[in-house]
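A.B. asks: Mind having a look at this structure? Questions to follow.
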Amino acid sequence: MDRTLNHTGIELSEERLTRLCQQTDEKAQRMLYDRYANQMFRVCYRYIKREEDTEDVVANGFIKVFLNINRFEYRGKGSLNGWIKRIMINESLMFLRKRNPLSQAIDAADVQIKDTFQCDQELLAQDIYKLVRKLPKGYRTVFNMYVIDGYTHREIADHLNVSENTSKSQLSKARAHLRKMLEKYGIKNE
Amino acid sequence: MASKMNNKKLDETFRKDVKHVQKHNGIHIFWNKEGVWKRIQKAITEAGAGPKMIVWYTTMAASASLLVAASLSLEDIKFNFNSDQEITENASAPIYNEASLAITPPTVSNNYFPIDNLTIKSRIANIKLSRSQQRNIAIDQILTRRVKSQVDQGSLILKRSRNSINLRQPSFGVRFEGGFSANGRYVGSSFGFGVTMDLLKSEEITKKIYLGSSMQLIKAPGRSEGYNNALKKAYIVKAAFENSSSRNGKTAAWSSGAEFILHSTDHSVNKPMLKLFYTRGIIGKLKVGPEVLFTRNFKKVYPGITLALS
């Protein structure tokens, strides 16, 4: 049986799942994990290069989710997903900060893209995802935060301990990089 | 061409496609999902265990204390029913039919027996159902009488105790025991050891407390992870009160107590769990009786049966 379903085979609502997890129900915890783990892995995988590191981040993120779920207040559909995603992004950023200060990474971000990308005529959505992962660390972090996850430049500056202007310039360079890659592979033509 | 894309269009393209991949798992990535879950599970169990362990240790200590205290007090609690005749004899007023229940706190009296050099404390809890003579004033009269009767009866009990019980020196002992238990959560067999301490020992009656630890091999059907038929271990501490009496050549023994599962290699049982049990001797050293297993926070209760050989 699908682990995200309850014993009657009906998928539990986010609200119900939240409540059960707040009561430390083990089955509900497992259900929540099964429901969001893959998605959250892909969120973290956008920020972090190595899969093993991503697993660590996902594990730490979910531990925080379960230990702090009593503080979470359900505010409608998608709020649980959003809350978990925020935790995962914060965990990813924390990991990046520990490994290599992002400010340094941003300074060193002007590097050449290694041409290892394999592609045919048309990139699919998954190739777009892969392109983001191919960005240098500093660019990738800012691009992910601003474009995909909806942070403002002020928030990015606070999180990464850089100035807003640095964030803006990194975003601009990230876009340029992506444009180059898109052009190189001749994809997403207008 | 892509280079002609403005920022807005570029952002939209990436946002849409990346979110699509995330939401619909549009990219296949091999990752150790199960392994990560086990790490999460272990971490949250450990994180929650600290404060809960304190609560459970306290609960267990309180349970054991209550158990011992209640067992000791049981012998001394007497239910006194004042008869109508007594009241009539001591009062001139006609009886007013009224049932009243009076529960007074236990009283303690010290009685010294110079011959045996013994001082015995007697606790008497008074629960009384009686008829009083008149409303209001009758209660006072009865209560006054009861204080006196308590003293009388207290002395009476002690005299009787002194005659019937030949007290022996309490002693300690070591014991090995084995057991089997089956409840709604798991089945398991255990072996362990502990110490016994006599609280009261006479020719007729022995009361003792047992403190021990044991290891239990358990199987939680449908719950155990890993190898399907693998037996898991649970580490348990136990406190029990035991009573055995022998009258007219017949021996009767019973035991009641609490077990506390400290740790288990089976995740489904790896929780602070409390088990209460009551067993009665059936043949020789074999005891059998019911048990109740509580999960943490007493959310779930699993009744079962336990067998002990000690």
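Conditions tested, residue by residue: (1) of a type in the set (A, V, I, L, M); (2) modelled with pLDDT under 85.
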site: B:Ser202; (1), (2): no, yes
site: B:Ile209; (1), (2): yes, no
site: B:Glu225; (1), (2): no, yes
site: B:Lys250; (1), (2): no, yes
site: B:Ala258; (1), (2): yes, no
site: B:Gly281; (1), (2): no, no
site: B:Lys287; (1), (2): no, no
site: B:Val292; (1), (2): yes, no
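A.B. asks: Further question on the same structure: Just need a number here: residues in the stretch B:26-54 that are part of a loop (DSSP other than H, G, I, E, B), modelled with pLDDT of 65 or more and either more than 7 Å from chain A (Cβ to nearest Cβ) or open to solvent by 20 Å² or more (accessible area, probe 1.4 Å) (or both).
C.D. replies: Counting residues in the stretch B:26-54 that are part of a loop (DSSP other than H, G, I, E, B), modelled with pLDDT of 65 or more and either more than 7 Å from chain A (Cβ to nearest Cβ) or open to solvent by 20 Å² or more (accessible area, probe 1.4 Å) (or both) gives 4.
A.B. asks: Which residues, counting only those in the stretch A:46-70, are open to solvent by 70 Å² or more (accessible area, probe 1.4 Å) and assigned to a loop (DSSP other than H, G, I, E, B)?
C.D. replies: Within the stretch A:46-70, A:Lys49, A:Arg50 qualify.
A.B. asks: Taking the stretch A:142-161 as the search range and keeping residues that are within 14 Å of another protein chain (Cβ to nearest Cβ) and of a type in the set (A, V, I, L, M, F, W, C), which one is nearest to B:Lys19 (Cα to Cα)?
C.D. replies: That would be A:Ile148.
A.B. asks: Residues of the stretch A:33-49 being free of Cβ contacts under 8 Å to residues at least 40 places away in the same chain and touching an Asp or Glu at 6+ places or on another chain (Cβ under 9 Å), which ones?
C.D. replies: The answer is A:Asp34, A:Arg35, A:Phe41.
A.B. asks: Please find, within the stretch A:124-141, the residue that is surrounded by the most Cβ atoms within 10 Å (Cβ to Cβ) out of those that are outside any helix (DSSP H, G or I) and more than 10 Å from every other protein chain (Cβ to nearest Cβ).
C.D. replies: By that ranking, first place goes to A:Leu135.
A.B. asks: Six or more apart or on different chains, Cβ atoms under 7 Å: show the pairs whose first residue is in the stretch B:183-208 and open to solvent by less than 50 Å² (accessible area, probe 1.4 Å) and whose second is assigned to a loop (DSSP other than H, G, I, E, B).
C.D. replies: B:Arg185/B:Ala220; B:Tyr186/B:Ala220; B:Asp198/B:Pro170; B:Asp198/B:Ser171; B:Ser202/B:Ile165; B:Ser202/B:Asn166; B:Ser202/B:Leu167; B:Ser202/B:Arg168
A.B. asks: Regarding A:Glu73, is this residue free of Cβ contacts under 8 Å to residues at least 60 places away in the same chain, more than 11 Å from chain B (Cβ to nearest Cβ) and open to solvent by 50 Å² or more (accessible area, probe 1.4 Å)?
C.D. replies: yes
A.B. asks: Could you check, for the stretch A:15-23, whether at least one of its residues is part of a helix (DSSP H, G or I) and under 18 Å from B:Lys23 (Cα atoms)?
C.D. replies: So far as the stretch A:15-23 goes, no, none of its residues is part of a helix (DSSP H, G or I) and under 18 Å from B:Lys23 (Cα atoms).
The values are calculated or read from the model by the stated rules, or taken from the named source; none is laboratory data. If you're wondering where the values come from, they're calculated on a predicted model, not measured in any experiment. FYI the Cβ positions are ideal-geometry reconstructions off the backbone, even for glycines, and counts take in every protein chain you see. Note: accessible area is taken over every heavy atom of the protein model, side chains too, but ligands, DNA and RNA are not part of it. Shrake-Rupley method; radii C 1.70, N 1.55, O 1.52, S 1.80 Å.
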